[in-house]
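Derivation of every value follows stated rules applied to the coordinates shown; laboratory data play no part. As the structure is a prediction and not an experimental result, all values here were calculated from the model. Reconstructed Cβ throughout: ideal geometry from the backbone, glycine too, with neighbour counts over all protein chains shown.
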Amino acid sequence: SNLIGECTWSDIRVKRWNGTSWDWLSDIRITSALSINPSLSIDSMDIPVVAYQENDSIRVKRWNGNILLSKWNFLGDPLDRSVSNQAIHPSLDLRTDGNPVVAWTGVMFESTTNSIYSYLLVKRWNGTVWVSIESTAASLNRSKVKNASLPSLAVGSNNSISIGFQESDGVSTN
């Protein structure tokens, strides 16, 4: 049997090493959603920010910084989720101002060719809303039929954004 197929929920847990033991900062999930694939970064004030997959969308939360009132606050709405696609595998890093940049894999079914394509999306938080970095959804892919996935994003000290990812030729083999 497939263990993931039997999973009805999972949670993202965050702990911090205090020098002698791990302090629990609380669970991320507040609904009965399936929460998986966390990507965590720490800002200059030692506050964690986490991006994760919640069902078919990407969510981002920032910890409130108080171990006694362990609470995670959403940063905006879920990142790009529609009926025709799925958002998976987030990668998060922070700009020098502490605002996150998130890359993730979008998976889309195209009915005209009966095909599934994956592509990368990147957005940055401007303090109020998520702003798209690129102009088109598939701008990081070499071509539409080259499936891009599993991004690894990093932000430099001058806020330059770099991204590594896997790209296949779109041919599947058995």
- Efficiency by 1/(1 + (r/R0)^6): what FRET value for Ser157 and Ile116, r their Cβ-Cβ distance, R0 = 45 Å, to the nearest 0.05? 0.75
- Evaluate E = 1/(1 + (r/R0)^6) for Asn64 and Met108, where r is the Cβ-Cβ distance and R0 equals 45 Å; express this FRET efficiency to the nearest 0.05. 0.80
- Query: For the pair Thr20 and Val129, how long in nm is the line joining their label points, each one 7 Å along Cα→Cβ?
  - Reply: 4.9
- Task: Lys and Arg at +1, Asp and Glu at -1: add these up for the other residues within a Cβ distance under 15 Å of Ile42 and post the number.
- Result: 0
